[in-house]
Amino acid sequence: MQYIENFKNKLLEKAKASGFESAEFFYQSSSSKKINIYEGKVEKNQTSSTGGFSFRGLYNGKMGNYYSEDINEDIIDTVIEGAKQNAMLIENDDKEFIYSGGGEYAKINTYDADISDITAEELAEYAKTLEKAALNADSRVTKVLAATLSAGEAYISLGNTAGLDLNERSNYVIAYADCVAEENGETKENGEFGFYMHKKDIDPADIGRKAAEKTLAMLGADSVKTGEYDIIIQNEALGDLLDCFIGNFYGENVQKGFSMLKDRIGEKIADERLTLVDDPHMEGGMATCAFDSEGVPTRKNVLIENGVLKMFLHNLKSAAAAGEEPTGNGFKQSFKSTVGISATNIYIRSGDKTKNELLSELKNGLLITELSGLHAGANSISGDFSLLASGFEVKDGKITGPVEQITVADNFYTIINKVKSIGNDMKFNSGGVGAPSVLFEKISIAGK
Amino acid sequence: MFDINLANDILTLCADKGADFAEIFAEHNKKSSVSIINGKTDRASGGIDHGMGLRLFKDGRVVYVYTNDLSRDNLLKTAKDALTGFEGSKKAVRIINADKCDTPHKVLLQPSAADKRAIVQKLKTAGEAAQKYSALITQTSVGYLDSEQTVFIANTEGLCRTDSRTRCRVSVNAVASSDTEKQTGYFGPGALKGAEFIDTLDLEAIGSEAARSAVTMLKADNCPSGVMPVILDNGFGGVIFHEACGHGLEASSVSKNASVFAGKIGQQIASPLITAIDDGTIVNQWGSIYIDDEGEFGRKNVLIENGILKGYMVDRYNGMRMDMPATGSSRRQSYRFVPTSRMTNTYIDSGSSTPEDIIAATEYGLYAKYMGGGSVNPSTGEFNFAVNEAYIVRNGKICEPVRGATLIGKGAEVLLDIDMVGSNLKLSEGMCGASSGSIPVCVGQPMLRVKKITVGGR
């Protein structure tokens, strides 16, 4: 770390000498171990150890960016010159900032020493347990395409010429199972994942079993008749859908005219039982952190409260443009990206209905458990979506049989006003977006 | 770019400790990107990717390690750690020299040497043309990306090759707005070329066409739902083959018998009208490769000929499992990924019907002019892809525009349901994501008709 500290100081000094008014150094290192088990044996064993940095600075009031994975003193001139050239290309009138600190940082815990001690052998044992649990769940489970355990660790440090000096360390374990079930010449495939921030919580058998259950449940699935249905979108699937439209709540998209929510703060945009929260301080959250990539303290933000649009998420630049406080959402996807805006642990708050109550209320319709092709079938700007879906048919409040080869189509801005009931089962999906199961009325389904 | 002696030392160490096979993939990649929003440069960035991945085979399993500290000490230590638990001893073939890189994909102007300001000025014409097209166009964004990747690949069988791959891509987005709605039009041309690629584009035409598509969709009604005949236009329409079949012909799923097309070589899997090819050799094409990411030369692989399955796309590892030779199809996003079998430029070859014939022969159905992306589950063959611009066909004529459709089906069925294939083959550029990362590929086809497919409208 001393090497990086020295490198940072040299780089920032040289930047000042080359005409940058202020400058920032963002360093990220990570290491990971990943094991795949196939048919009881280690199939793939991956380890990595990487680090890289990005530099950004204000040159004639414009922000220049450059990054490198090659960290040695010879690269400093290339980086500074690259950032300067990039700054000189910028033509927008946005006012840019390097953060000088002053905020209060939350004390959060994202590091578990027990996790960093996990060996490749232990991961392999977990993965074997996971594979076995899936195969033993039922004789119709014929193979486990992925029995994967990975453990990762990340370190971020941020320092700038305004005196900011922050760092944060985090680690995690991910378990993933993907299995195939076969019966009467029919093949089904599905997966389940687990994200853990404490070693004691790791439960690979649970993941293997759930993957098997999900897959088995779809055997014998058929399409349904094209038409309008009342549907429950199950928690994780609703999280997947919500993920496509979160960008509409980002200040920059609003200001540049890419969001339909422009000028609508204070208006009711959704059903009055709907509340959307972004909470970076949540214990065990995938995106839990004390500061964003600009060094601004993170905070809990309520975007929609009882159906009313309350605010947008901001980085330093968009906050200043809106004349508001930064919300601590100025994130980079990695050190390679420039600072944009991103939600952290964002979720729709749970309602009070149990799954059975939701099913009885639905009475006749569909329970949608999976949506596919979201990167293509959902238009983040228009809000339109039409997505391949699967799930179950519900008759008289009871699940009857599995359904596949249908599409669910509607519009995000419309569907948030078609809420009939909200479940009490909020869950985060693999992308870190949370939602409860929600019953919607009159949704277009295409089938046979 | 990588010291041959160090490569020999690493590979010899791996063989001495019992690795059946070892391979070095070292990479240096200089990238830059610019985005222009509503006529003004909004973001400009760049950087250097730099790292090495070491892949080992031992008794059928794969060990992969990667790092971006390329110092001799760290690389030898990384190799030693990776070899933990290995037994026995093998021999590595010593490398004398790296083969000369004789890529046919010539670059006239390296992007890093190009005047970015001049590129930005040219790109702006696309946004301006879109704005000019209609007062309904309220936002435009034009993006530019380039990468100059040099790779060094060496293995214990004595292969040692280098390659440099320069790619440029432009994206043009137009947003049309009414009081209550926004619709978008998009194009994303790219090539395995330098900055000279920008001059080959008619940016004004691309901007106007993106705007026309957005405005047309703003005025369109929702697409009807149900099962109907669908005509897919040439170019990006090829996403149907990419999703419905292409992924299922990759050895990564075939070798685990996790593809609906596993074990079907020599069998009729598609309509006899279909010949499908994966061709990595097309000069300067976006998805082309001179060598793949394990050092094999890219080639033209016939996948399906007149409906009969002829071959798969095979990488070294899955080839061992399947007892089939590699086909120059092994690819990865970067040194951070274990390579596996992937597509390059994949297309359905031209048939004999003219586009006019196909429309005229269709009593009722959907004409999908521009497609978006899609995805597939290779085990079940269930695929989906989005239609960005579509029209209803009635009595052999293209009628009103409709929007918001997704097409779904099962790969094994849809290939047999193709009943007309046009004569106007065209390729289109895209990015494809899978286990070895996001890589540039082309999809392609002439106009074709599928007898029946489930259209998800509203």
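Some values worked out for this structure:
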| read-out | value |
| --- | --- |
| Single unsatisfied condition, B:Ile24 versus (1) in a strand (DSSP E or B); (2) without any contact (Cβ under 8 Å) to a residue 60 or more places away in the chain; (3) more than 14 Å from chain A (Cβ to nearest Cβ) | (2) |
| Residue match in the stretch A:361-374 (condition: more than 9 Å from every other protein chain (Cβ to nearest Cβ), closer than 23 Å to A:Asn190 by Cβ and hydroxyl-bearing (Ser, Thr, Tyr)) | yes |
| Single residue of the stretch A:128-153 satisfying the filter (among the hydroxyl-bearing types (Ser, Thr, Tyr) and in contact (Cβ under 8 Å) with a residue 12 or more places away in the chain) that is nearest to A:Gly185 (Cα to Cα) | A:Thr142 |
| Of all residues in the stretch A:147-171 being surrounded by 20 or more Cβ atoms within 10 Å (Cβ to Cβ) and small (Gly, Ala, Ser), the one that is nearest to the other protein chains (Cβ to nearest Cβ) | A:Ala147 |
| Filter pass, A:Lys107 being farther than 24 Å from A:Asn160 by Cβ and either assigned to a loop (DSSP other than H, G, I, E, B) or of a type in the set (D, E, K, R) (or both) | no |
| Of all residues in the stretch A:83-99 being part of a loop (DSSP other than H, G, I, E, B) and either within 28 Å of the chain's Cα centre (by Cα) or basic (Lys, Arg) (or both), the one that is farthest from the other protein chains (Cβ to nearest Cβ) | A:Tyr99 |
| Any hit, the stretch A:102-119, residues being surrounded by fewer than 19 Cβ atoms within 10 Å (Cβ to Cβ), of a type in the set (A, V, I, L, M), in contact (Cβ under 8 Å) with a residue 24 or more places away in the chain and farther than 30 Å from A:His314 by Cβ | yes |
| Strands (runs of 3 or more DSSP E) lying entirely in the stretch B:342-394 (those with 1 or more residues that are away from chain A (no Cβ under 14 Å), in contact (Cβ under 8 Å) with a residue 12 or more places away in the chain and surrounded by fewer than 24 Cβ atoms within 10 Å (Cβ to Cβ)) | B:364-377, B:382-394 |
| Pick from the stretch A:320-345, criterion among the small types (Gly, Ala, Ser) and surrounded by fewer than 23 Cβ atoms within 10 Å (Cβ to Cβ), ranking: nearest to A:Thr275 (Cα to Cα) | A:Ser342 |
| Subset of the stretch A:81-104 [among the small types (Gly, Ala, Ser) and either touching a Gly at 6+ places or on another chain (Cβ under 9 Å) or modelled with pLDDT of 95 or more (or both)] | A:Gly82, A:Ala83, A:Ala87, A:Ser100, A:Gly101, A:Gly103 |
| Selection within the stretch B:427-450 - surrounded by fewer than 24 Cβ atoms within 10 Å (Cβ to Cβ) and part of a loop (DSSP other than H, G, I, E, B) | B:Ser435, B:Ser436 |
| Qualifying positions in the stretch B:60-79 - at the interface with chain A (Cβ under 9 Å from one of its Cβ atoms) and not hydrophobic (A, V, I, L, M, F, W, C) | B:Gly60, B:Arg61, B:Tyr64, B:Tyr66, B:Thr67, B:Asn68, B:Asp69, B:Asn74, B:Thr78 |
| Tally, over the stretch A:204-257, of residues that are assigned to a loop (DSSP other than H, G, I, E, B), within 30 Å of A:Thr142 (Cα to Cα) and among the β-branched types (Val, Ile, Thr) | 1 |
| Any hit, the stretch A:149-167, residues being under 28 Å from the mean Cα position of the chain (by Cα), not charged (D, E, K, R) and not in a strand (DSSP E or B) | yes |
| Restricting the stretch A:382-433 to residues that are among the hydrophobic types (A, V, I, L, M, F, W, C) and more than 29 Å from B:Glu181 (Cβ to Cβ), the residue that is nearest to the other protein chains (Cβ to nearest Cβ) | A:Val403 |
| Pairs where the first residue, in the stretch B:32-51, is more than 7 Å from every other protein chain (Cβ to nearest Cβ) and the second is aromatic (Phe, Trp, Tyr), C-beta under 9 Å, 6+ apart | B:Ser32/B:Tyr144; B:Ser33/B:Tyr144; B:Ser35/B:Tyr144; B:Ile36/B:Tyr144 |
| Residue list for the stretch A:324-339, filter: more than 9 Å from every other protein chain (Cβ to nearest Cβ), of a type in the set (Gly, Ala, Ser) and on the phi < 0 side of the Ramachandran plot | A:Gly330, A:Ser334 |
| Filter pass, A:Ala175 being part of a strand (DSSP E or B), surrounded by 21 or more Cβ atoms within 10 Å (Cβ to Cβ), without any contact (Cβ under 8 Å) to a residue 60 or more places away in the chain and not charged (D, E, K, R) | yes |
| Residue in the stretch B:403-419 that is farthest from the chain's Cα centre (by Cα), counting only those that are surrounded by fewer than 23 Cβ atoms within 10 Å (Cβ to Cβ) and in a strand (DSSP E or B) | B:Asp419 |
| The listed residue being in contact with a strand residue (DSSP E or B) (Cβ under 7 Å, 6 or more places away or on another chain), among the β-branched types (Val, Ile, Thr) and modelled with pLDDT under 95, out of B:Val239, B:Val230 | B:Val239 |
| Criterion violated by B:Asp99 - all others in (1) more than 13 Å from every other protein chain (Cβ to nearest Cβ); (2) at pLDDT 95 or above; (3) under 29 Å from the mean Cα position of the chain (by Cα) satisfied | (2) |
| Filter result for B:Glu250 (outside the structural domain of B:Glu27 (by TED's automatic domain parsing), among the charged types (D, E, K, R) and free of Cβ contacts under 8 Å to residues at least 40 places away in the same chain) | no |
| The listed residue being outside any loop (DSSP other than H, G, I, E, B) and more than 30 Å from A:Ile156 (Cα to Cα), out of A:Ile304, A:Ile265 | A:Ile304 |
| Strands (runs of 3 or more DSSP E) completely within the stretch B:136-227 that count 1 or more residues being more than 28 Å from A:Asn86 (Cα to Cα), of a type in the set (Lys, Arg) and within 11 Å of chain A (Cβ to nearest Cβ) | B:182-187 |
| Residues satisfying the stated conditions in the stretch B:271-281, i.e. crowded, with 20+ Cβ neighbours inside 10 Å and either outside any strand (DSSP E or B) or in contact with a His (Cβ under 8 Å, 6 or more places away or on another chain) (or both) | B:Ser271, B:Ile274, B:Thr275, B:Gly280 |
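For every residue, the table says whether it meets (1) basic (Lys, Arg); (2) within 14 Å of chain A (Cβ to nearest Cβ); (3) in contact (Cβ under 8 Å) with a residue 12 or more places away in the chain; (4) under 30 Å from B:Thr340 (Cα atoms).
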| residue | (1), (2), (3), (4) |
| --- | --- |
| B:Asp419 | no, no, yes, no |
| B:Ser423 | no, no, yes, no |
| B:Gly430 | no, yes, yes, yes |
| B:Ser435 | no, yes, yes, yes |
| B:Pro440 | no, no, yes, yes |
| B:Pro446 | no, no, yes, yes |
| B:Val450 | no, no, yes, no |
| B:Val455 | no, yes, yes, no |
| B:Arg458 | yes, yes, yes, no |
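The values are calculated or read from the model by the stated rules, or taken from the named source; none is laboratory data. Given the structure is predicted, the values throughout are model-derived calculations rather than measurements. No Cβ is skipped: glycine too gets one built from the backbone with ideal geometry, and neighbour counts run over all protein chains shown.
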